[in-house]
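Just below is one structure, and these are the notes that go with it.
The values are calculated or read from the model by the stated rules, or taken from the named source; none is laboratory data. Model, not experiment: these values are computed from the prediction. Note that each Cβ is placed from the backbone with ideal geometry, even for glycine, and that neighbours are counted across all protein chains shown. Areas reflect the complete protein model, heavy atoms only, side chains present, ligands, DNA and RNA absent. Shrake-Rupley method; radii C 1.70, N 1.55, O 1.52, S 1.80 Å.
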Amino acid sequence: MKPPPFDYSAPDTLEEALFLLGEAGDEARPLAGGQSLVPLLSLRLARPSRLVDLAGITTLTTLGAADGHLAVGAMVRERQAERDERVRRLAPVLADALPLIGHPAIRSRGTIGGSLSHADPAAELPAVALVLEAELVAESRARGRRSIPAADFFTGYFTTALAPDELLTTLRVPSSAPGTGWAVDEVARRHGDFAIVGAAAMVRLDTSTGRIDEARVALAGVGDTPVRLAETEQMLAGAEPADEAFADAAEDAATRLSPAADVHGSAAYRRHVAGVLARRTLKLAAQRAREAA
Amino acid sequence: MQHIAERYTGASVRRSEDPRILTGSGRYVDDVRLPGMLHAAFVRSPVAHARITRIDVREAAKAPGVVLVLTGEELERSLVPGPGIAAMFSGGAPVPAFTTLATGKVRVVGDPVVLVVAESRYLAEDACELVEVDYEELPAVMTPQAARDPASPAIFEDLGSNVLVRSPVAVFGDVDGAFARADRIVRADLRQHRHQNAPMECRGVVCSFDPESGELTVHSATQGVHIVRTTLSTALGLPPEKVRVLAGDIGGSFGLKLGAYREDVACAAASRQLSRPVRWMEDRLENLTFSGQAREESFEVAAAVTNEGEILGLRVKMTIDTGAYPGMGTMLPELVKTMIPGPYKIGALSFEWTAVVTNKAAYVAYRGPWASETWVRERMVDLIAMELGMEPIQVRLRNVATRETPPRRMVTGRSLAGVTAKESLEAIASTVDLPSFRRLQAGAREHGRYLGLGMATYIEPAPGPLEGKGGGGIMGPEQIRLRLAEDGTVTLFTSQMPHGQSHQTTFAQIAADEFGVPIEQVRVVVGDSDLVPMGFGTGGSRAATMAGGASLHGARALKARVKEIASHLFEAGAEDIELSGGSVAVRGVPASAMSLAELARAARSPGRLPPSLAGDVEVTAAFDGGEGGWSGGSHAAIVEVDVETGQVRVERYVVAEDCGILINPAIVEGQVRGGVAQGIGAVLLERSVYDEETGQYLSSTFMDYVLATACEIPRIEIEHLETVPLDADVNFRGVGEGGMIIAPPTLCNAIEDALSPFGARVLEQHLPPARILELIGAIPAG
Amino acid sequence: MTCFDVELTVNGAPRRGSVEARRTLADFLREDLGLTGTHLGCEHGVCGACTVLVDGEPARSCLMLAVQARGADVRTVEGLAPDGEMNRLQEAMWDSHGFQCGFCTPGFLMQITALLAENPGPTEAEVREALSGNICRCTGYESIVNGVLLAADAAGSDE
């Protein structure tokens, strides 16, 4: 289990990195934290001609807040984000999701941008980006800078809207209105494993009527990409935030899914647990929304 | 906080292994560096069952850093044909013909086909990718049902069939009478799933052949150096004395690292051919895919019971899936047969078994290899209790043999002397407070929370009653050698090959007490086939009794020898010699004191002693197990099942164990806890999964073969019953396997209890979340 | 294949080597620097045996390339007792009979070192969560958890 040979570059600037990726075509791969890529190399399941190491690009390691927006550089380590008070305050669901990723020694190397770009459908951050309606800022020499809504970013199994010569530079999380609650939960074989099924939910309550203004729920582990449940969300808009409403919505959610089976759980199991977690996270989000209101 | 005790035995003495292990200075096989050392990698079969139609190694041989490429046919020319280690554990079953590297056919995913030796492992793996092998695929035979089908293609042509053994029906007691007398017959088809040892250190070997001397030196991660020596010298056609096997620290094994494997033979042959050291370290992919798996057995059981819960008899049909290549699969059913009554007064048993070959990894020994007898019996007890509406512990207490009442033997003939099943069951029932648990459980259910309590009991031959069979169980007596070194330390040479069991501490405790020196003055030498006495090595939970007993008797003999020498030197009677504090003296004459170092030097000085005593102060001793005896105990688990997600949480785990006298309580408890953790993992997490259509192996990484972490294993409460001394001196018994034997039924019983409102019956051992939801009918069976 | 110069600090001392880009940090430490205390249990980032500290943070050395560690401050198990005197954590593990076969031990010790640096008085639940990425096949974890709690207590009582 030793990686195959490849070339390696460690540019200091984003421009240089984009140049290298543009030159090499799709045989080159960016190297962020390496926590998913290096095992694929060791198993010889990935065979890049060149790795472009992004660790030296200091502009990608900034984490900042402005106008209620949170901007997380792609090379911010997950452990760093997890410890950051601004993440906790402005994107509590992200703060709650980060400790579910792997283990401390994984998160101290793994990056926000790496996890999103890797687009593992069972990973936590892609589902969280969806439920946050985050913007993913990308840059390339050919296309310049563009902002991709999370809903358009995850296009398939381990596949994103990023072109081979394009890099994710920033995760932008919009501010949330008062009366908003968030929740994330997952079922995994063990603590720290990829989710068999994960769910992230948001509920915003109308502060005058107490009814649901907006609900969002996104799931991991139930398809080729993280899944946002638009129909379920519509069912809840305007409803009373009662247990029955969440149960009905979750049941609706489960019936719409066609997950694949693997050694950790059958399709029927994933569908069932998706419903359970959708209900649990929506209910908890609503409770938090009431507390926040 | 070193515990200072009058005796070391019985105290949780700190381990002498730890200073090296805690500082990174242990020496494992992967740490061996020899000048000119080369690195091996294997081209392995990507398919389960196929004919090899072409192998082309030309590109690989030209690749950078490559020194040698060997196909199976080329390698075979330098080897002596034969089954190797396979015959040793076959239990007399037919052993099919196969070669060290696959020739003609591959029989399992991961089957080694070509050996590549290069200047680094990186380069060896690069070259492996350049080897071209063409396969003509055959249908993969992946289940016992498929293997039984006469139309299935024979995996080994010389066997002619994929059914390896169909045993006669063994009958003990009046089985027909028991079933005729029974009020009810409780039937169940029970399945154990395939899972595996997965020690943290994979297998590995460094072979170094010296053409000058014709000697092969082998550094091996192994449970016993002499079995490795035997297998390698046989395969290479070398005299045993020309093969020296060394073993350093071993990173766990749990039964896997017994003897030399096919890869080891290939590396030894390559080293001989190249006259350079060749190292192979198995990687995790190879380990999980190929090195060995265990436990895949199924049982059709019928129990004859009375309405009062008495178990009159059992009828058992066992099927074992031995995988592709011979391992231990055909040896175990007879052990299961003998042990299945356990500590119970079951009066009749019929037992028959079938062993089949499939295109899966070989069935190997795994911690308590015969454990299915406990799982099947303890599962049946709970199913009987459910059928009768009784508390399971009532059924157990009604049927276990006690020390006061006959019978004193299992119906299969084994003595039950010293068994304390009743005592340990009563201990756990009292600790968990059964009545108050039932109240708690009822209350929780009203709030949609599903708690369950499971119990189980077992005995383990560690080594088991002697019964005049030559001693030492199936592996024979244990030898030991002790020497008083010239610096006054006692050096103890043992064939035991510890791989986590702390023998270098425990044997030193025993010898220090018996000989009368501080423990720091006892050195335990392991892992050198030229130095340690011939023996099987570590396995079968035999070290405590067998090697512990040998240490005690050896230290006693050494002490007698020292006194005899001192009596010559002092011209005093041996009975007047005192040995204490590292010196000998004539009783009452402190001025006569002579240090042990001086005595050892004097013994070696020419002319000081008669020839019978002169020279090295050294004794050998052997121990046959003495009065032997069982270890065993009872465990209880309390679980909570989330019936929405199928997740099981072990809330409490209680152990009452009896391994006789504790040599080192902390080490005993470590063995118990480690075994229980593996048992919990087996039920909740670990399974070796094959695609039954294609034969592909689906659990080849630690992402898919999931081991328990600190978040899944609870604190384990342990009570020790040191109940029945049977032997005059040696009453410590083995405890290495018990936890792994009994935790699976304990946990399965607890889960079934938690799910009883759903009417779920647990007939399999592996209960991952998805399966829990299937059992309660929340989702359709997958 | 191109080789890259790697200069870094290991256990306080400057070290250097020349490696292919594909060489893992674990292999660099073990094979090139002879620091065999760091063990490889899976080489795909799950078992945690190869955990070392990189700039004070725990990292899987099998999931890092040696070239990624250029300029880094790396600590391995050999650095815990530089003068042969076991440190407080090692003593606590010895007292607690923390480990058995010793193969997972270096990874645990480094992960625990990182934990106690950040959280000197962890609860049992925090200890278990922090160690959940390190697999021990021998002990059932209780003795290791006890060792961490004992080390934390010992540190606390020194203050």
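Odds and ends about this structure:
Every residue, every condition in (1) open to solvent by 20 Å² or more (accessible area, probe 1.4 Å); (2) hydrophobic (A, V, I, L, M, F, W, C), yes or no:
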| residue | (1), (2) |
| --- | --- |
| B:GLN223 | no, no |
| B:LEU246 | yes, yes |
| B:TYR261 | yes, no |
| B:ALA269 | no, yes |
| B:GLU300 | yes, no |
| B:ILE311 | no, yes |
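- Flag for B:ARG51 being open to solvent by 30 Å² or more (accessible area, probe 1.4 Å), basic (Lys, Arg) and under 21 Å from B:THR289 (Cβ atoms): yes
- Strands (runs of 3 or more DSSP E) fully within region B:60-174 counting 2 or more residues that are within 14 Å of chain A (Cβ to nearest Cβ): B:112-118
- Pick from region C:131-159, criterion open to solvent by 10 Å² or more (accessible area, probe 1.4 Å) and in contact with a Ser or Thr (Cβ under 7 Å, 6 or more places away or on another chain), ranking: nearest to the other protein chains (Cβ to nearest Cβ): C:SER143
- Scanning region B:18-44 for residues that are open to solvent by less than 20 Å² (accessible area, probe 1.4 Å) and at positive phi yields a total of 1.
- Test: residue in region B:755-764 that is open to solvent by 10 Å² or more (accessible area, probe 1.4 Å), within 14 Å of chain A (Cβ to nearest Cβ), at positive phi and not in a helix (DSSP H, G or I): no
- The set of residues from region C:9-34 being touching a residue at least 60 places away in the same chain (Cβ under 8 Å) and not in a strand (DSSP E or B) comprises C:ASN11, C:GLY12.
- B:ARG77 being surrounded by 20 or more Cβ atoms within 10 Å (Cβ to Cβ), out of contact with any strand residue (DSSP E or B) (no Cβ under 6 Å at 6 or more places or on another chain) and basic (Lys, Arg): no
- Taking the listed residues A:GLU82, A:GLU78, the one that is within 15 Å of the chain's Cα centre (by Cα), open to solvent by less than 30 Å² (accessible area, probe 1.4 Å), modelled with pLDDT of 95 or more and within 14 Å of chain C (Cβ to nearest Cβ) is A:GLU78, with no other qualifying.
- Residues in region B:242-297 that are among the basic types (Lys, Arg), more than 14 Å from chain C (Cβ to nearest Cβ) and assigned to a loop (DSSP other than H, G, I, E, B): B:ARG276, B:ARG295.
- Residue match in region A:133-149 (condition: closer than 30 Å to C:SER61 by Cβ, acidic (Asp, Glu) and away from chain C (no Cβ under 14 Å)): no
- Residue pairs whose Cβ atoms lie under 7 Å apart, sitting 6 or more positions apart in sequence or on different chains, and linking a residue in region B:117-137 that is touching a residue at least 40 places away in the same chain (Cβ under 8 Å) to a partner that is buried (at least 20 other Cβ atoms within 10 Å of the Cβ) and of a type in the set (D, E, K, R), are B:ARG121/A:LYS2; B:GLU125/A:LYS2.
- Strands (runs of 3 or more DSSP E) (entirely within region A:165-219) containing at least 2 residues that are touching an Asp or Glu at 6+ places or on another chain (Cβ under 6 Å): A:167-173, A:197-205
- For region A:258-275, the set of residues classified as open to solvent by 20 Å² or more (accessible area, probe 1.4 Å) and not basic (Lys, Arg) consists of A:SER258, A:ALA260, A:ALA261, A:ASP262, A:VAL263, A:HIS264, A:SER266, A:ALA267, A:ALA268, A:HIS272, listed by residue number.
- Residue check for A:ARG88: free of Cβ contacts under 8 Å to residues at least 12 places away in the same chain and more than 10 Å from every other protein chain (Cβ to nearest Cβ): yes
Each row is one residue, and each column tells you yes or no for (1) surrounded by fewer than 23 Cβ atoms within 10 Å (Cβ to Cβ); (2) within 13 Å of another protein chain (Cβ to nearest Cβ).
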{"position": "A:VAL184", "(1), (2)": "no, no"}
{"position": "A:PHE194", "(1), (2)": "yes, yes"}
{"position": "A:ALA200", "(1), (2)": "no, no"}
{"position": "A:ASP224", "(1), (2)": "yes, no"}
{"position": "A:THR232", "(1), (2)": "no, no"}
{"position": "A:ALA245", "(1), (2)": "yes, no"}
{"position": "A:ARG256", "(1), (2)": "yes, no"}
{"position": "A:GLN287", "(1), (2)": "yes, no"}
{"position": "A:ALA292", "(1), (2)": "yes, no"}
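- Test: A:THR160 is in contact with a helix residue (DSSP H, G or I) (Cβ under 8 Å, 6 or more places away or on another chain), at pLDDT 95 or above, farther than 30 Å from B:ALA682 by Cβ and of a type outside the set (Lys, Arg): yes
- Condition check for C:ARG88: within 25 Å of A:MET1 (Cα to Cα), surrounded by fewer than 22 Cβ atoms within 10 Å (Cβ to Cβ) and more than 7 Å from every other protein chain (Cβ to nearest Cβ): no
- Boolean, B:ALA304 is in a helix (DSSP H, G or I), in contact with a helix residue (DSSP H, G or I) (Cβ under 6 Å, 6 or more places away or on another chain) and among the hydrophobic types (A, V, I, L, M, F, W, C): no
- Filter result for B:TYR690 (out of contact with any helix residue (DSSP H, G or I) (no Cβ under 6 Å at 6 or more places or on another chain), among the aromatic types (Phe, Trp, Tyr), buried (at least 18 other Cβ atoms within 10 Å of the Cβ) and more than 10 Å from chain C (Cβ to nearest Cβ)): yes
- Filter result (open to solvent by less than 10 Å² (accessible area, probe 1.4 Å), among the β-branched types (Val, Ile, Thr) and either closer than 26 Å to B:TYR690 by Cβ or more than 14 Å from chain C (Cβ to nearest Cβ) (or both)) within region B:184-219: B:VAL186, B:VAL205, B:VAL218
- Complete set of residues in region A:133-158 that are without any contact (Cβ under 8 Å) to a residue 60 or more places away in the chain and open to solvent by 60 Å² or more (accessible area, probe 1.4 Å): A:GLU135, A:ARG143, A:ARG145, A:ARG146, A:SER147, A:ASP152, A:PHE158
- Annotation note: of A:ALA55, A:ALA105, A:ALA95, the sole residue that is open to solvent by less than 10 Å² (accessible area, probe 1.4 Å) and within 14 Å of chain C (Cβ to nearest Cβ) is A:ALA105.
- Condition check for B:GLU657: within 29 Å of B:ARG438 (Cα to Cα) and either within 14 Å of chain C (Cβ to nearest Cβ) or part of a strand (DSSP E or B) (or both): yes
- In region A:248-266, the residues that are assigned to a helix (DSSP H, G or I) and either modelled with pLDDT of 95 or more or of a type in the set (Ser, Thr, Tyr) (or both): A:THR255
- Take the conditions (1) farther than 23 Å from C:GLY34 by Cα; (2) open to solvent by less than 20 Å² (accessible area, probe 1.4 Å); (3) at the interface with another protein chain (Cβ under 7 Å from one of its Cβ atoms); C:ARG128 misses just one of them, which is (2).
- Qualifying residue in region C:51-69 (condition: in a helix (DSSP H, G or I), more than 7 Å from every other protein chain (Cβ to nearest Cβ) and among the charged types (D, E, K, R)): no
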